Amino acid sequence: MTQTPASPAPVHWKIVIDANDPHAQADFWAAALRYEAEDNSALIEKLLGFGALPEEATVEFHGRRAFRDLVAVRHPEDPFEEESGTGLGRRLLFQRVPEAKTVKNRLHLDLHPGEGRREEEVARLEGLGARVLRRVAEQGGAWVVMADPEGNEFCVQ
């Protein structure tokens, strides 16, 4: 009897978002999604100790050492590597880029706060620094198009 080879494991992924201030963006999105910023301080200390990372490539973020040019947020219930602090599930990674956002996103997040909670969520997100771009009401549904503090569009369903 011939055995069928095992299916390959699903591909692990993260969404990477360019940012002028990755740490401020991480704080906004961690609050918006109720995620948490990853703690990569143990990995960073190890890299500094090996001489593989220069001191100027780090900053203090929430009282611990972090990478200067990138930071991720992850779902608090998803697994993560103890040694590096890197999430193994739902993640957003913010990386520093020199240029500002100039055109509409080709990819965006849709937030689903739950039935009847859209306006409450929009107000909460505005309190975190987002702004309403427009309200949409079409035959297929209604939602609010918003922008995060750096102008990246997202929708609240």
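The values are calculated or read from the model by the stated rules, or taken from the named source; none is laboratory data. Since the model is a prediction, treat every value here as computed from it, not as a measurement. Backbone-built Cβ (ideal geometry, glycine too); neighbour counts: all protein chains shown. To get the accessible areas, we keep the full protein, side chains included, count just its heavy atoms, and leave off ligands, DNA and RNA. Shrake-Rupley method; radii C 1.70, N 1.55, O 1.52, S 1.80 Å.
Calculated from the structure, volume of the Cα convex hull per residue in Å³ equals which of (1) 170; (2) 200; (3) 113?
(2)
Just to confirm the number: angle between the C-alpha axis of helix 118-128 and the first principal axis of the chain, 0 to 90 degrees, nearest 10?
50
Given only helices, namely DSSP H runs of n ≥ 4 each adding -39500 (n - 2.57), what is the per-residue ellipticity at 222 nm of the chain, to the nearest 500 deg cm²/dmol?
Helix-only estimate at 222 nm: -6500 deg cm²/dmol.
What percentage of the solvent-accessible surface of the chain, computed with a 1.4 Å probe over protein heavy atoms, is contributed by carbon and sulfur atoms?
53
Against the longest principal axis of the chain, how steep is helix 22-33, in degrees 0 to 90 to the nearest 10, with axes from Cα atoms?
That works out to roughly 60 degrees.
Could you sort the peptides 13-23, 100-110 by per-residue average Cβ neighbour count (10 Å cutoff), highest mean leading?
13-23, 100-110
Students sometimes get this wrong: rank 67, 80 by accessible area, probe 1.4 Å, all chains present, largest first.
Ranked list, largest accessible area first: 80, 67.
At 1.4 Å probe radius, can you tell me the per residue accessible area of the chain in Å²?
63
Pairing the Cα long axis of helix 41-50 with the longest principal axis of the chain, what angle in degrees results, from 0 to 90 and rounded to the nearest 10?
The answer is roughly 40 degrees.
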